[in-house]
Every structure is written in structure tokens, then in C-alpha cells.
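Only one structure is covered here, and it is reproduced in the block below.
Every number in this text was worked out from the coordinates using simple rules, so none of it is lab data. No experiment lies behind these values; they were computed from the predicted model shown. Positions of Cβ are backbone-derived with ideal geometry, glycine not excepted, and every protein chain shown enters the neighbour counts.
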Amino acid sequence: MHDNDRQLNLKTILLSTGVVLTLSMGVRHGFGFWMQPISQANGWSRETYSLALALQNLMWGAFGPLAGMVADRWGTRRVVIAGAFAYMAGLLWMAMVTQPALFIAGSGIFIGLGLACTAFGAVSGIIGRAAPVEKRSWAFGVSGAASSFGQFLMMPVEQQLISSIGWQHAFYVLAGLVFLLMIPMTSFMGEPKHEAAASGPQQSVGEAMREALGNRSFLLLVAGYFVCGFQLIFIGAHLPAYLKDKGIVTPGVAVMALALIGLFNIFGSFTAGQLGGKVPKRYLLSTIYFSRSVVIGLFLLAPLSQWTVYIFAAAIGFLWLATVPLTNGIIAGVFGLKHMSMLAGAVFLSHQVGSFIGVWLGGYLFDRLGSYNVVWGITLGLGVLAGLANLPIDERPLVRGEPRLKAA
């Protein structure tokens, strides 16, 4: 492919996947706003709604490797279309179903499948194949910034919808947006014919997965991503309720906090993508995890006020999804592009197991203890462990034919 054509193709793919990520991640990040109105309307404890969000995240991870495998083999376009319909069905389900077990199961499966087919794992392969090696980390950073922009954009929109037309009708509007915006974008997702993908190792799906699971660096990425999921979903889902419990009852503070997380993550994701092409990605990942623990610790120690909430949101937002371009960059660099989406989905499964535990444990321990203090402490400690886990990762491309663990 001519360099100019490849550059144009990369821009088109980044634009189309960026719109999908903006909406997919933006809608999902606002689900915490529905915790109290849905719980109050149906007479549920916070644990019930927390379990629904936890199952969504778990199913997102469980469907991720399958969605990635289909995207690698048959194209990202088909996967995103299927995901858009599943996402829309999940939003309608959350609006209409009032029986707790059905609400948890249906929203978990539909939203989880929708996210698996429209978020990072599913689109990482097409981005990696479109970008030349020297721009790959940057391209992943741009896609991460797009998802962060979605959070910044959709937080006030979702809160305003709930306030003005009610929580049920807000779901209906979001379902319409998913249908009207995501599906047209798939017409621009033509699979690139990238030489690196064509010349890579001709492995089967099973061979690629066994190779990755036998690689120590891959397993360390898996461990770090578990912590990432735990931290992010606990904070995103429970921060609005935590602030109300602590006396900050003005809804605008929580809305602004979540919007600031999204805004500053635009800069954080893009910066991580830029630096990932110049600095060892493992060091950047460790720095992100250590820094999260520092930011959380300072937030818990400082007197709680509107401004300390905003400072915390900006700081944690800069670190929020900055792990994504770096993690995907390591996967592409070590294992190649042929099974990129599947392997990214496999690592992301760990992220979503962490998400499941983080969001559920937050609700469970709150109902038992009456506060979030223990979960905040767990969140801080896990950040330190993840920082240590990422330090020994080996980013060198695998040399096939050598013992696998030596390459790690």
C-alpha cells in the first residue's frame, strides 16, 4: 500500500472507530448515575444494581476474546454491527425490566456483549493493522483519547437526560443514539492490507493463545489489567454515591468529577500513546499504577470538599485509561498482529474480572459495613502490586522456535 493511501486509511479507521468508542465507552461510564434512582424506584439495595454492573463487566470480558477472534478473522465491521444491536437491546432491557434476577442477567449479557464488540478489544486489531510500527503506540493513544472524550461528553448528557425526562426515558434516548451513530460508522471500517499482518506467523487461534498463556510477560499484563479493572469500575460506579454519603449532595459535583475524569483522560491516553513509542512501555505502566495509589491515598487523607473532588478527578483521570495504548502496544510488539484483537480481548478478560469484583465488592461491603473505606484501601494496595508486576515485562518480539518462557 502506498504511504499516502495508508495514512488516509489510518485516519479513516481512527475516525470511525473513534466515534464508536466515544459512544460505547461514554454511555457505559455513566451507569453509576442510575444506581440510586433505579434502586429507589424498584426497592432494591445497592448490591442488586452493583451486581448487574458487575455482571456486565464480567460478560464484557468473557465475550472479549471471542469478539476479537471474529474481528481478526472476518473483519471488525461485522463485530461492531452485532455489538451495536446487543448494546441497544441491553439499554432497553435496563429501562423496562423490574425483576431483580432478570434485570441482572439480561443487562449483564446484552450490555456485556455490546461492549465486547464495540470497545477496545474488538477494534484494536484493525487499528494495529492500519498503523505502521512507528505510529502504532500513537494510534492506540488516539483511540484511547476518543473513549475518554466520550466520557467527558456523555456524563453531563446522561445526568441531564435523567433529570429532565426520567431514568427510563434516558435509556430509550441512549439506545437510539447507539443505533443511529454506531452502525453508519462501520461503513468506513475497511480492513487494511498491512504487510506486517500478512507476513506474521501463520498460527491457529489455539496455538496463538497457548503461546501467550505460556509467556510470563503476557501473564504479568493480565495481572496488571485485573487491578486496572478493579480500580476504574469501583471508582466510576460508586463515586457519585460515595460523595452523597459524605455530604456532597449536589448532583453537579459528581457529574463534573466524572466529566473531568474523561477530559483529563483524553490527555493521559494521548500522552501515554506518544511516550509509548519512546520510553519502555513497562516502565510507563508501572508509573501509572503507582501514581494511582498515591492519588487515591491523598484523596482519602485530604478534607473532602468540592475542590478536592475535582483535583482527584483530574489526577485519576489522567491515569484512567492510559494503560490501554501501552498494554495493546506491548501485545502487538511481542506477539504480532494476526491475532491482535483476540489476545487483547484475552488480557481484557482479566480487566473485567477485576471490574466485576470491584463494582460488586463496593456494593457488598457498603451494605455490610455502611461505608466504602475498606474497598478504598483495597484499591490503593492493589495499585502498588500492579506497579511491581509490570516492571519485569519483556517487550521484545517473540523469536519463535525458542523456549517460550525464555522470550519472557
Placing +1 at every Lys and Arg Cβ and -1 at every Asp and Glu Cβ, with all other atoms neutral, what dipole size does region 259-408 have around its Cα centre, in debye to the nearest 20?
420
How many percent of all Cα-Cα pairs in the chain sit more than 29 Å apart?
38
Relative to the chain, whose Cα atoms define the longest principal axis, helix 373-390 and its Cα axis are tilted in degrees, nearest 10, by 10
Taking the chain, how many lysine pairs are there with alpha carbons less than 30 Å apart, if each pair must be eight or more places apart or span two chains?
18
Sort CYS228, CYS117 so that the residue with the fewest other Cβ atoms within 10 Å of its own Cβ comes first and the one with the most comes last.
CYS228, CYS117
Using mean Cβ contacts within 10 Å as the protection proxy, how do 321-329, 18-26 order, highest first?
321-329, 18-26
Which angle between 0 and 90 degrees, to the nearest 10, do you get for helix 3-29 versus the longest principal axis of the chain when only C-alpha atoms count?
20
Please report the relative contact order for the chain, taking Cα pairs under 8 Å with a sequence separation of at least 6, and give it as a percent rounded to a whole number.
28
Nearest 20 debye, what's the magnitude of the dipole of the chain about its Cα centre given +1 on Lys and Arg Cβ and -1 on Asp and Glu Cβ?
460
Just want to confirm a number: the relative contact order over region 96-218, from Cα pairs under 8 angstrom separated by 6+ residues, in percent.
26
For ARG78, ARG292, order by how many other beta-carbon atoms lie within 10 Å, fewest first
ARG78, ARG292
With no solvent and one point on each alpha carbon, what is the Debye value of log10 I(q)/I(0) for region 269-408 at q = 0.11 Å⁻¹?
-0.50
For region 207-287, which trypsin sites (Lys or Arg not before Pro) are both in a DSSP coil and crowded by at most 14 other Cβ atoms within 10 Å?
LYS246, LYS278
Between the alpha carbon centres of region 107-183 and region 6-35 the gap in Å comes to 4
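Which order do GLU207, GLU158 fall in if you start with the one that has the fewest other Cβ atoms within 10 Å?
Ranked by crowding around the Cβ, least crowded first: GLU207, GLU158.
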To the nearest 10 degrees, the tilt of helix 323-335 (Cα long axis) against the first principal axis of the alpha carbons of the chain is 20
